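Take this structure first; my questions come after.
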Amino acid sequence: MKLRDIAYTRSGDKSDTSNICVFVYDDADYSLLVREVTAERLTTLFGPLVHGSITRYEIPANKGLNFVMTEALGGGVSMTLRADPHGKSFQSLVLDLDIGPHRPVSDDG
Amino acid sequence: MAAPTVTIGCGSAYANDRLAPAFDLARSGRVRYLGFDCLAERTLALAQIRKMSDPSKGHDERIAELVPLVAEFTAGGGRIVGNFGAANPPAAVNQFVSVLRAGGRSGVRVAMIEGDDILETVRCEDFALPELGTSTSTLADRIVSAHAYIGAEPIVAALAEGADLVVGGRLADPSLFVAPICYELGWDVTDWSRVGQATLVGHLLECGVHSTGGNFEDPPHRVIPDPWNLGFPFAEVSDDGAVVTKLPGTGGAVDVRTARTQIYYEIGDPSCYLTPDVTADFSHVEITETGPNAVRVRGAGGRKRPELLKVLVGIDHGFKGIGEISYGGPGCLDRARRAEEILRHRLAALESDIIDARIDFQGWNSLFGDSYRPAKEVTEVRLRLAVQARTREAAAAAVYEVEYLYFGPAGGGGVVTNVVPHIAVTPAFVPRERVSTNVEVVVT
C-alpha cells in the first residue's frame, strides 16, 4: 500500500526550509501514519535533495504530521536553479512511500 | 445581545492573483473587511529593482484595476487592508488617491504605513544572514533591499484613525487580517491567545484559494467541484471561534481536509509559529464542518510575540538563464544526455562569468533527482539548462547554446529560452525596537 492511499499532504517553503504536512483521511489510520512515516524514512526518500535536518512534529488533534526539512531547497527558493524552486512537488513524492505490513523491506524509498 | 462578530475576506494572495474573486466578495454583502496580500518572498526585491529604475514604481501593479473595487466597497462601509505598497508605499497611495479622485470618489480615508524599509540600517550596520553563513557587511552594495515584517499594531492604529483603505509595504500576511479582527472585536494586541486565534484566521485567509481547493486535488483520491472557478475564502469571527467559508456558486471546497492542509502550510513547529504579532500555537486547533463548504476553527493559542523581527534581505545575484529543448521516441534520454555533454563543453568557454549551472531532464529527474526512480522507461524528456551568471550577456550566451542544440543530437525540438535578473532573498533578524512605523492618513 502506498501512503497516497490513506493520506494527503501539502508542502510549503520558507527560504531554504521546506515543510510537508501529512494527514490521514480516516482517523483510524493515524497510528499507522505515526509508526510508518518517520523522519528517517523521509531522509532516505529525499536523499541528496535535503542537505540539512528533517524534524517530525506530531499533530494528534488533526491526525497529522509536519515534517520540517532544512537546507532543502537548493539554497532557497530565490537562490536555487532547480526546476521546482518551491518544492511544491515534494508533497507528491512523500505519497509514494510504501506503508503497511506488506511493505517491501528492501525498498525504503 | 449577540456576541460581536467581524466578517473578513481575502482579496488577494500574491502580486499576480486574480481580481475577479475579490470583486465577487466585495459585492457579495458578506464581508465588512477585505485583506489583500500582494507579496511573496521575492516580490519585494523585484519591486525594489523597479523602483530603482523609476522612483514612481515599485508598488502593486494592479492598483488602477482595483480602484473601482475600492470605490464601491468603501462606499458601502467596507474597509480594505493591503500590502499594495511593496517597495514604494507612497507611490501606491498616490495612485489610489489620484485615480479615486479622478473618478469623483471623494472622502475616502487612505492610510499609509511606512517603516518596513530598513535598507539603510542594514547597509550601515552588520546583521547576520544565517542561511548564507555570512553577514550583511560582507555583501555591501550587492544588497538591494531589506524589508522588515510589520505586524498588526500600526494597522490597528490606522483603522482607529478611520481609515477606509490601509496601504503598507511588508505588512505580514496574517497581520492584514489580525488587525481588523482585533480592532473590531476589541481584542488587545497583547492578548496573546486571542491574537493567536486571529493569526489562525489570518493564516487561513491570506493564501486565498489555498483554503478553497487550490493546490489540493489529486484524482481520484481528492477531487473538488469546478476547480476552474475557485472562490476566495472569508470568515465570520467572534470570541467563539471563526467560521471559514466561500461564496455560493463558486468552485472548490472548504472542509476539514482543505483547512488542515492550509493551517499547517509553511509552518515549522505547529506549537510555535512566529509572526510579528505573536508566537502562535496551532497544535490543538479544532476544525468542525458546520455546513456545506464551511468549517469552524477554534483552539489556537498564543504566547508573547518574538523580540526579533524577520527581515528579508534582497541580494543581487546577477542573471538567471533558462533554456529547454525536448527529445522523444526511442533513445530520447541517451540523446538528451549527449546534448548535456555538448552543453558542458560549450559552457566551459564561458566559465568565468557562469557562477552556477545545472542540467536536468524533465520527465526523468528534474524534480526529485536521480535517487528516486520508479519509472523504467521514458517516451520523452525535456532537457533544462539553468545558469546563474555574472552578466546578462553570459546568461544569454549560455542559453543560446541550448538553441544551438537544434544542430546537436537528432530530433531536438521546442526550444524556449529566458534570461532574467536574479535577485536572491534571505532572512535576517533585527531587534523590534530598530524598526519604527509611521501612519499617515490622506483623504480623497
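The values are calculated or read from the model by the stated rules, or taken from the named source; none is laboratory data. Remember, predicted model here, so these are calculated numbers, not experimental data. Heads up, the Cβs are rebuilt from the backbone with ideal geometry, glycines too, and the neighbour counts pull from every protein chain shown.
Any residue at all in region B:17-31 that's surrounded by fewer than 16 Cβ atoms within 10 Å (Cβ to Cβ) and assigned to a helix (DSSP H, G or I)?
Within region B:17-31 (the criterion being surrounded by fewer than 16 Cβ atoms within 10 Å (Cβ to Cβ) and assigned to a helix (DSSP H, G or I)), the answer is yes, since at least one residue qualifies.
Restricting the search to region B:22-41, which residues are out of contact with any Leu (no Cβ under 9 Å at 6 or more places or on another chain) and charged (D, E, K, R)?
B:Arg32
For a quick check of your reading of the model, give me the residue pairs whose first member lies in region B:263-275 and is at pLDDT 95 or above, whose second is of a type in the set (A, V, I, L, M, F, W, C) and in a strand (DSSP E or B), with beta-carbon atoms closer than 6 Å and at least 6 apart or on different chains.
Note: pairs meeting the criteria are B:Tyr264/A:Cys21; B:Gly268/A:Val68; B:Pro270/A:Ile59; B:Tyr273/B:Ala280.
Please go through region B:120-138 and give me each residue that is of a type in the set (A, V, I, L, M) and crowded, with 18+ Cβ neighbours inside 10 Å, ordered by number.
B:Val122, B:Leu129, B:Leu132
Then there's this: From B:Ser326, B:Ser352, which residue is more than 10 Å from every other protein chain (Cβ to nearest Cβ), at pLDDT below 95 and not in a loop (DSSP other than H, G, I, E, B)?
Testing whether each residue is more than 10 Å from every other protein chain (Cβ to nearest Cβ), at pLDDT below 95 and not in a loop (DSSP other than H, G, I, E, B) leaves just B:Ser352.
Test A:Asp26 against the stated conditions and say whether it is out of contact with any helix residue (DSSP H, G or I) (no Cβ under 6 Å at 6 or more places or on another chain), under 25 Å from B:Phe361 (Cα atoms) and either within 8 Å of another protein chain (Cβ to nearest Cβ) or surrounded by fewer than 17 Cβ atoms within 10 Å (Cβ to Cβ) (or both).
No; evaluated as a whole, the condition is false for this residue.
Related question: From the residues in region B:51-106 that are over 25 Å from B:Ala40 (Cβ atoms) and in contact with a Ser or Thr (Cβ under 7 Å, 6 or more places away or on another chain), which one is surrounded by the most Cβ atoms within 10 Å (Cβ to Cβ)?
Taking the candidates together, the pick is B:Leu100.
Within region B:400-444, how many residues turn out to be away from every other protein chain (no Cβ under 14 Å), surrounded by 14 or more Cβ atoms within 10 Å (Cβ to Cβ), part of a strand (DSSP E or B) and among the hydrophobic types (A, V, I, L, M, F, W, C)?
5
Further question: Have a look at A:Thr17, A:Thr43 and point out the one that is within 12 Å of another protein chain (Cβ to nearest Cβ), of a type in the set (Ser, Thr, Tyr) and surrounded by fewer than 17 Cβ atoms within 10 Å (Cβ to Cβ).
Selected residue: A:Thr43, the only one of A:Thr17, A:Thr43 that is within 12 Å of another protein chain (Cβ to nearest Cβ), of a type in the set (Ser, Thr, Tyr) and surrounded by fewer than 17 Cβ atoms within 10 Å (Cβ to Cβ).
Among the residues of region B:41-80, write down those that are assigned to a loop (DSSP other than H, G, I, E, B) and under 27 Å from B:Arg30 (Cβ atoms).
Within region B:41-80, B:Asp60, B:Arg62, B:Gly76, B:Gly77, B:Gly78 qualify.
For B:Ala259, indicate whether it is more than 10 Å from chain A (Cβ to nearest Cβ), within 21 Å of the chain's Cα centre (by Cα) and not in a loop (DSSP other than H, G, I, E, B).
No: the conditions fail for B:Ala259.
It is to be established whether one or more residues within region A:1-9 are in a loop (DSSP other than H, G, I, E, B), out of contact with any Lys or Arg (no Cβ under 9 Å at 6 or more places or on another chain) and either surrounded by 15 or more Cβ atoms within 10 Å (Cβ to Cβ) or at the interface with chain B (Cβ under 9 Å from one of its Cβ atoms) (or both).
Yes; the residues of region A:1-9 include at least one that is in a loop (DSSP other than H, G, I, E, B), out of contact with any Lys or Arg (no Cβ under 9 Å at 6 or more places or on another chain) and either surrounded by 15 or more Cβ atoms within 10 Å (Cβ to Cβ) or at the interface with chain B (Cβ under 9 Å from one of its Cβ atoms) (or both).
From the residues in region B:360-399 that are acidic (Asp, Glu) and in a strand (DSSP E or B), which one is surrounded by the most Cβ atoms within 10 Å (Cβ to Cβ)?
B:Asp360
Right, something else. How many residues, within region B:209-249, are within 23 Å of B:Phe282 (Cβ to Cβ), more than 14 Å from chain A (Cβ to nearest Cβ), touching a residue at least 60 places away in the same chain (Cβ under 8 Å) and of a type outside the set (Phe, Trp, Tyr)?
Final tally of qualifying residues: 7.
Which residue, of A:Ala83, A:Ala61, is under 30 Å from B:Gly314 (Cβ atoms), within 12 Å of another protein chain (Cβ to nearest Cβ) and either modelled with pLDDT of 95 or more or touching a His at 6+ places or on another chain (Cβ under 8 Å) (or both)?
Unique residue meeting the criteria: A:Ala83.
(1) surrounded by fewer than 18 Cβ atoms within 10 Å (Cβ to Cβ); (2) in contact with a Leu (Cβ under 9 Å, 6 or more places away or on another chain); (3) not hydrophobic (A, V, I, L, M, F, W, C): which one isn't true of B:His284, the others all being true?
Unmet for B:His284, out of (1) surrounded by fewer than 18 Cβ atoms within 10 Å (Cβ to Cβ); (2) in contact with a Leu (Cβ under 9 Å, 6 or more places away or on another chain); (3) not hydrophobic (A, V, I, L, M, F, W, C): (2).
A further question on this structure: Being on the phi < 0 side of the Ramachandran plot and either of a type outside the set (Phe, Trp, Tyr) or within 8 Å of chain B (Cβ to nearest Cβ) (or both) is the filter here, so list the residues in region A:86-99 that pass it.
A:His86, A:Lys88, A:Ser89, A:Gln91, A:Ser92, A:Leu93, A:Val94, A:Leu95, A:Asp96, A:Leu97, A:Asp98, A:Ile99 - these are the residues of region A:86-99 that are on the phi < 0 side of the Ramachandran plot and either of a type outside the set (Phe, Trp, Tyr) or within 8 Å of chain B (Cβ to nearest Cβ) (or both).
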